Each structure stands twice: as C-alpha cells, then as structure tokens.
Amino acid sequence: MYLAPALVVLGGLLAYPIYQLGLISVFHYTQAQVSGGEPTTFEGFGNYSRLFSDGQFWEVLLATVVFAAACVVSTLAVGCALAVLLTRVRAVPRLALMLAALGAWATPAITGSTVWLFLFDADFGPVNRVLGLGDHSWTYGRFSAFFLVLLEVVWCSFPFVMVTVYAGIRAVPAEVLEAAALDGASQWRIWRSVLAPMLRPILVVVTIQSVIWDFKVFTQIYVMTGGGGIAGQNLVLNVYAYQKAFASSQYSLGAAIGVVMLLILLAVTLVYLRLLRRQGEEL
Amino acid sequence: MSPVRQDVESRVNLLSRFTRRPGRTAAEATALVVAAVVAFPLYWMVLSAFKPAGEIRSGEPRPWTSAPTLDSFRRVFGQQDFGRYFLNSVVVAVAVVIASAFIAFLAATAVTRFRFRLRTTLLIMFLVAQMVPVEALTIPLFFVMRDLGQLNTLWSLILPHIAFSLPFAIWMLRGFVKGVPEALEEAAYMDGASRTRFLWQILFPLVLPGLVATSVFSFISAWNDFLFAKSFIISDISQSTLPMALLVFYKPDDPDWGGVMAASTVMTIPVLVFFVLVQRRLVSGLGGAVKD
Amino acid sequence: MKLSVRMLAVAAVLATAACAPQTSGNSSSDKDEKTGTLRVWLFQEVNNQPKEQVVDSVLAEFEKEHEGAEVTVEYIPVETRAQRIKAAFNDPRSAPDLIEYGNTDTAGYVKDGGLADVTEDFGAWDEAKDTDPTARQSVTVGGKVYGVPYFVGVRALYYRTDVFEELGLDVPKTQAELISTAKEIRAAKPELYGLAVGGAYTYGAMPFIWAHGGELATGNGGSYAAAIDSAAARKGIEAYTSLFGDDNCPAAKCAAMTGNDTITAFAAGKAAMAIGGDFSHAAVEAGTVKGDYAVVPLPGLKAGSIAPAFAGGNNLGVLKSTTHRTLAVDLMKRLASKEAQGQLFEAMGFLPTFSDVRQQVAAKEAFVKPFVETLAADTKFVPASPAWAQIDAGAVLPTMFQEVVSGKKDVDSAAADAARKMNDAFGSVG
C-alpha cells in the first residue's frame, strides 16, 4: 500500500511522541527520574496547575501571542504589497527583487539571526552608525529586542508570501483586471474589490502558514536574545519550554507547556479547516 | 511547456500594461530599493567574511573592504572539523529530501487517486500534523531517540525531519496529483501500462515541479535545524552539523564576527545555489499548489 | 498518588501497548574494560591553551602506561555545562567516562545518579591525605566520596595600577570605597568600566550579600529555606546592583555579562577593576593589561576586612555509567595529582587542592597571596543541596539581578520572587 511508509513514519515519530509528551506532562519527571535515581510518580494535572499559577507563564503566553500576531501582520503586509509591486514593474527590477527575496528566504534561521545581530551590533554594526545611535544596545530593552527579532522574522518569511501571492495574481484572468482598470478603479480598490477576493484561498493558506511558523519561532529568539533575553524578558513559549526542560531539567513542566502550545495550534487548525469547508473545498 | 509559458507571459504583459501608470518609474525604483534593502544583510555577511579583522572591529564600518582576505575562512576551517560538519549537514538534508519526496509522492497519490474509508479523516490528520510544533516534541523525541540508541547519530536528525516535513509535502503534492487529468491515467491503462509504470513514468514527471517545491521546504527545514542538532547531538561532536559549529564563534560578549560571518556564508551559499537552481519551478510549483 | 514504575509500565502496556516515560538504565555498568577509548570532558577556560598542554602531557604518560587505551578530551563551555552533563546522564552510551564539574554541582549530580562512588579508591590514594579539608568536603555527599578535587577557586579584586596611578586613586579599603572609586574612574575615563560587573555573574555578586551579613539560604542537611529576601541580603543586592548604570557599567551591556565576560573585558583593557579568580590569572596575563595590574582581596564593609568569598573550585569525577572504571579512576588520579596540579597552577594559576602544594606555590608566586589571604579569612559555600544545581541551571539569581538592574522590579520584589523559586526547588527535592 502506498500509504504504509508515510503512516509508519508519522505514527512512530509524530503520533507516538505526542502521546509521550502528554504522558510526561502528567508525571513528576525531572533529571533524577530520567537517569533512574528516583521512581517516577504520577502527578495528574499537578504540573498544569503549577504552570497556570505561575505569573511568568501567562506573561510568556501573552508575549508569544502578541509577538506572533505582529510578525504575521507585518509579514503579510510586506509580502502582499511587494507581490502587487512585482506585477507593476518590468523584468529587470522584478528579477532583482525576486532574487533578493529568494536570498532572504534561503538564509537559514541561524545565520539570519547572527547576521542581523551583527548589523545591529552596538559596537561594530553599520545600522547604529548610519542612524547615529552611538552604542545603543538593541537587545537590552524588551521591545527593541522583540522588534529586532521581528525584523529578522519578517525578512526571512515575507518571500514565501510574496512569491505565493504573486503566483496567485498571475493566475487572475487579465480581462478582470482590464475591466476594473477601465472603470477607473484605483490600485487599492482593485486590490480590495477584485484581487483580494479572488486570492482569498491563497491568502488563507499563507496566513495560516505564517501563524504556525511565527508562533513557533525558536532559533531567532534563542540566538538573538541569548536564550530569552535579560531576566527572561524575551521568552516565547517554545524557548520557555526548552529552558524548563533542558536547562532546569523539569521535563514534565516543559512537556506541559508543549501540550498547551499543541492545543493552541490545534485551535488555529480547526479555524483553518472551517474556512476550507466554507470555501467548499473538497477534501 | 511553451504554450503555457506564452500564455502566462502574455497575461503578465497585459497585466502590466493595464497597471502601467505614470507611477511605473516610481514602482520600479521602489522595487530596486526594496531589493537592495532585502539583499543588504546577505551582502554584509559576505563582505564581513572577507574583511580583515581590523576592519571588522572598527567603529566606522564601511560598505566595502580595501583588503579582502580569506583569514576568517581559514580560521573557520582550521579551528574545527568544519568540512566534516558541512558534510554531515549535507547528508542529513539530502537524506531528508529524498526520503520525504518519495514517501510523500506515494502517499499523495494514494489519497487523491484511491477512494477508501477514512480518507477524509486521514487528510485532516495530515493537515493537523502540519501544525504540530516540532519544538514541543523535542522532549519526547529525545527519549525516543535515546531508547532507539540513536542519540549522537545523524539518524536522530534525519528521522524526525522526515516525519515533520511529510505532512506539508503530502498536502502540497496532493494539489499536483489532482491536477493530472484522470483521463490520462485511464488512457495509460488502456495502453496496457501497469500501475507502477504509470506511477513512475507518467505521473512522476508531471508532478515533478510540485516535488521540487516541496523539496525546498524539506531541505530548508533539515538544513536549518538548530534545535534538534542542539538537543540530540550532545557528546559526539564528530556528528555535529553546521549550526552548532557556527555558534562556537559566537560568544555573547566577544563574538568573533569575522568567523561567524564566514561560517554563515559557508552555510548559506549551498541553500542559495539550490534556490536559484529551482527558482522557476518553485514559483510555478507554489502557484500550482494553491490554485486548486 | 504514587505508582511504581513497574505498575505503571504494566498499566501503560495494557492501555495502549506502548511505554511509560523511560528511565535510562543508568545503573553502574558491570563492564570494566582495560582497553579502548576513554572520553573526558573538561571545562573550556577563558584562555584554554596552557590547560590543554598540561592535560596533554598527563595523557601522553597515561597512554604510554596503558597500552591499547586511548583518550579523547573535549573542552565544553562552562555556561552550558548543565545541559551537556545532564544529557550525558540521560544517554550513557555517548556519555564521557570522566568529567570536570563545578563543586556546587556535586550534590545535584549525585542525586541524579550520575557520579560513581570512589570512596575506596580515594582512600587508597596516598596523595589524598594532603587534600585540604574544605576541598575534600566538596566531593563528599553523605559520607561518600564522588570524585577528587581538581583545583580551588576563590575570587579577589583585580585593578589597573596604571589607571589608579594616573588618577591618583587609592586602592579601596571598604565596599563603599570600592563603589565610589569605580564611579570616580568611570567619570574620569568614560571609555572604561569602573568595576566590571555582570548580571549573570552570581559568584561575583555573592561577596556583596555575604559582606552585609546576608545568606542565600539557611538550614542544613536535607532542608533549606531561602534567605535571599532577608533585610541583610537585600542590602547586599542593593549594593551590587548599584554598580550597574552609566556611572559605572552600563546596564545595556553589563546586565547580560557573565563572570568570564567581565574578565575578558578587564583583560582587554576595557575595565579598571574586575572581580576575578585565581583561575583568571592566565587569561589576564595573556591580555593587553599584562604588567599594569595588581590583585587585592575584595574589601568588606569595615576598613581592612575581607568580604567573605565563595569557596569555588572544580572536581573531577568518574561517571557511574563508565565501561572503563579502573582506567577512568587512574586517569582521574593522574590529572589531579600533586604534580599535575602544580603544573596546572603554573599554566593557569589554578590553586592546588593539596595544602602542602598550595604552600609551596604561594611561596614561589607573589600573585597567589591575595587569594590565599581571602581563603584564610572567610569563605562560604552555596547550599549543599541537590536543589542548588536546579537553582543554578534555572538562572534564579541572575534573573533576580537582571530584574533589578533593568528596572523591571525593585530589590524587594525581585528578591521575594527569587526566594519563592528557591524554596520551590528546595521543596521539590524533599
């Protein structure tokens, strides 16, 4: 059966770990248990209640949601605007922008993070020099650190949106646009009333993909803010879970955070499914 | 492919003719400026990799270098077994791309061409699987890999990445397989082609652009991986991949920026080359995947 | 609600035919091979070259002695040691045989079941009788010995003689003078940090708390209670965090710095003073400030007093999971022998753990004096609880300092939060 390999791989390396994740999250599971120094004990929802009563968890959750939302909105805005721009220029500038975007897209998250850090470095970076900011540190303030990470995230993820939306616009029948243009509609109106509705399926896909990617940002935060920023101010759920599990070896707390993330993303997925259904997509 | 291309080109021409306004020069200027801004970080990375140490550590950074040098690259390749790490990264990425493309192709064919019970459920499962935060699973995967005795081996990176790139690959490929007319399949069987033959000689070439597009995603996720590399390759540094090697040069208070940038350049170039090679197919592939 | 692992496994198998969370079979290995590869993890120091040379010469002799045995050494960064070593406990197959570990981690690692009991080997080692009692204490948990002391680490005040001379300053004699001198220097020479401090430099901050009579935690044996929020401790926190700011060490830079970072800054001539250990000596000597600095004990509150220092230091220990126990123990003894410690002192400035060797080197090398004086005055230790490893890895104290320094919280609430987290940790280990 053609499906067998896929099912084996997904079952073993996706479904089973999810099951384990849930399991670990209801046990008392720290280093001593892992290395066999002490027996494992069942805790029920103890880890969750500890997590939910911790103010820091809520702060991190809020930061994660706001940060992801800001990233998604910026990415979509930049991506769509540039996609429209692409349709309005001749081959040479189009190629230039396309190549630059592909370059940003291709850059691994970790190298992107180090390069952006270097650009904004307080002592040797060109950005502070150009803006005349002296040795202002971008990673010290909570918002400026998040902002820096946001720039990097938008930089490496807008190309996906741009290329996809551009491909979508190209598929729109020229006559439609022709008619709209003849009616004297402005660019913005054409986008709002003609392109956007026709591109809706594509926009839904890129939005959902962006939500998923930006909600899970790990490398950028970890590298650019040194593992979560000063006094943990730049933690997002993913990094928080990692620190809890692998730095403090509270594996069960980390797993509980993982479960929370899983549930949130599951909710997003359900919304996506509903949207697909409404569009009459046949599964 | 040429009629299709012509069609697309003429559409684009039409489109640009209709959107051509007094603003076109402004639009083109904007596009060029944006392109420059977007490309700047990469330019700066490559530039800094070739700068001598003195220029990097100067308070007056300049957008050019008067004395390009390979010192930073020498340091990168000299200090550690960088070639080895590079190879490890390549092995992981290639293995993931090939395996996930192959498995996803079979699965995508199955879910679009065959009717069976639970098909819709399965599709939804694939969709849901895409949303699973890989990072949250690091904890249980760590224990799974330990029990399999695969910690510190490249398998501990390859296997999870295959799993995580599969759902997206299947979902994307589905669109392409669907796009191939069923009539073609029937015609093939009429001509006496076996199912396997149809699959590999007819269907496979037709969905190739889609496979390329999905491969890009698997490749990136495997090549870029930082978290698994950090968590699963703990003690055997001969199995390290590039991201960890790069971090050696990045020490919080006193980073060796020249080394970091040289290592980053080495790590980015292969992906760039790969992207430029598949660029055409990628754009058409993405268009195809989301069109239906 | 307690279930034994076995019951749990049965339940899980019945329910889903799958497994419960695994525990690694990290019981002591039965194998004791006499050939093969020994893996060793040592810490990466700021200036590691000389350390490697000393280690290499020991290894050469070891490999000559034991035919068919080979040793690979990896130098791991101190900041991420907790993760690396825990990961090694989780995966015995890839774990090293011998590790260097900070003496604050002893209790935690023993509780994790990672270190082998070497009480007998230690007793049978003739050099061990000269080990100084504090160092011996640092490898002992519950009367059993889990390694050998490698070196003693204690911190003192490094200062730039040229800068002090140029500005006509006296070496500070009290903590208040220290702080005012630091700010004076910064005002006169804005390109320098007066006293390089780090928000993540726990052991540099401790003397301030102890000097004010504060404690990290009180109690003994099994149970501890955090005392970091006591009035005395808060005064110390106040004093230390007052050093962050544009008038000494700008928070934007210094809040994230670690101990190594402050030494790097001092060695590079970016700071007029720094709190560094005997073990930092080599790194400073290799820096641009060579010849232009001196070291004195870190002053306490009263003139002439010495602030209580943290009795740090590192140990070597054999992992329980090793398959080459005899070889690993032998290598451990060779690496920490009197001869090797003497060489290590010459190479790195690490103070030997043997009382007699320490006296010998102190007589030879003048720079050791302030450190030996500090050791003789008063040293303190972190709570000898397995919870400490967790508190340390969870960055509880750095977080507290950073919260204060960055103005997110005032001293009282940051200290109260830290105390809560510490008590959680103490509570969780029973």
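Since every read-out is calculated from the coordinates, none of them should be taken as a lab result. Quick caveat, the model's predicted, so the values are computed rather than measured. Cβ sites come from the backbone with ideal geometry, for glycine too, and all protein chains shown count toward neighbours.
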Relative contact order as a percentage, segment C:292-352, C-alpha pairs under 8 Å and 6+ apart, gives 15 percent
Expressed as a rounded percentage, what relative contact order does chain A have, with Cα pairs under 8 Å and six or more residues apart? 28 percent
If each K or R counts +1 and each D or E counts -1, the residues other than residue C:282 whose Cβ falls under 13 Å of its Cβ total -4
How large is log10 I(q)/I(0) at q = 0.29 Å⁻¹ when the Debye formula is applied to the Cα atoms of segment C:250-292, each weighted equally and without solvent? -1.05
Hull volume in cubic angstrom per residue (convex hull over the Cα atoms of chain A): 195 Å³
Would you compute, from DSSP H runs of 4+ residues alone, the mean residue ellipticity of the protein assembly as shown at 222 nm, taking -39500 (n - 2.57) per run and dividing by the full residue count, rounded to the nearest 500? -18500 deg cm²/dmol
On a 0 to 90° scale, report how tilted helix C:81-90 is relative to the longest principal axis of chain C, with both axes built from alpha carbons and the result rounded to the nearest 10. 10 degrees
Quick one: dipole size for segment C:102-148, taken about the Cα centre, charges +1 on Lys/Arg Cβ and -1 on Asp/Glu Cβ, in debye to the nearest 20. 220 debye
Largest first and in whole Å, give the semi-axes of chain C's equivalent ellipsoid, each being the square root of 5 times a Cα gyration tensor eigenvalue. 38, 28, 18
In the structure shown, of A:244/C:408; A:216/B:178; C:302/C:409; C:86/C:270, the pairs separated by more than 26 angstrom at the C-alpha atoms are A:216/B:178; C:302/C:409; C:86/C:270
Please report B:256, C:126, C:292 as a ranked list, fewest other C-beta atoms within 10 angstrom at the top and most at the bottom. C:126, C:292, B:256
For a quick check: sort B:43, C:109, C:240 by the number of other beta carbons within 10 angstrom, fewest at the front. B:43, C:240, C:109
Just going by the charge dipole of segment A:58-278, with Lys and Arg at +1 and Asp and Glu at -1 on Cβ, which of A:127, A:69, A:222 is farthest out on the positive end? A:69
Convex hull volume per residue for segment A:145-237, taking Cα atoms only, in Å³: 98 Å³
Could you give the dipole magnitude of the protein assembly as shown about its Cα centre, charging the beta-carbon of Lys and Arg +1 and that of Asp and Glu -1, in debye to the nearest 20? 4160 debye
What ranking do C:369, C:111 get, fewest neighbouring Cβ atoms within 10 angstrom at the top? C:369, C:111
For segment B:149-240, give the magnitude of the charge dipole about the Cα centre (Cβ charges: +1 Lys/Arg, -1 Asp/Glu; no others), in debye to the nearest 20. 120 debye
Stokes-Einstein diffusion coefficient for segment A:174-283 at 4 °C in a medium of 1.567 mPa s, Rh from the Kirkwood formula over Cα pairs: what value in µm²/s? 75 µm²/s
Over the Cα atoms of the protein assembly as shown, each weighted equally, I'd like the Debye log10 I(q)/I(0) at q = 0.04, 0.07, 0.09 Å⁻¹, rounded to two decimals. -0.22, -0.65, -1.05
Give me the three principal axis extents of segment B:96-145 from the C-alpha atoms, as integers in angstrom, largest value leading. 37, 25, 16
What do you get for Rg/Rh of segment C:189-250 when both radii come from the Cα atoms and Rh is the Kirkwood radius? 1.10
Cα-based helix-to-principal-axis angle, C:411-428 vs chain C, degrees rounded to 10: 20 degrees
I'd like the orientation of helix C:231-241 relative to chain C: the angle between its Cα long axis and the longest Cα principal axis, in ° from 0 to 90, rounded to 10. 70 degrees
Looking at segment A:1-103, which chymotrypsin sites (Phe, Trp or Tyr not before Pro) are DSSP coil and have at most 15 other C-beta atoms within 10 Å of their C-beta? A:45
From the Cα gyration tensor of segment C:152-259, with a ≥ b ≥ c the square roots of its eigenvalues, which class applies: rounded if a/c is under 1.5, or else prolate if a/b is larger than b/c, or else oblate? prolate
Can you classify segment B:80-291 as rounded, prolate or oblate using the Cα gyration tensor, where a ≥ b ≥ c are the square roots of its eigenvalues, rounded means a/c under 1.5, and otherwise it's prolate if a/b beats b/c and oblate if not? prolate
So what's the gap between the Cα centers of segment B:74-108 and segment A:220-264, to the nearest angstrom? 27 Å
Let a ≥ b ≥ c be the square roots of the eigenvalues of the Cα gyration tensor of segment C:287-430; is it rounded (a/c under 1.5), or, if not, prolate (a/b larger than b/c) or oblate? oblate
For chain C, what's the relative contact order in percent, using C-alpha pairs closer than 8 Å and at least 6 residues apart? 25 percent
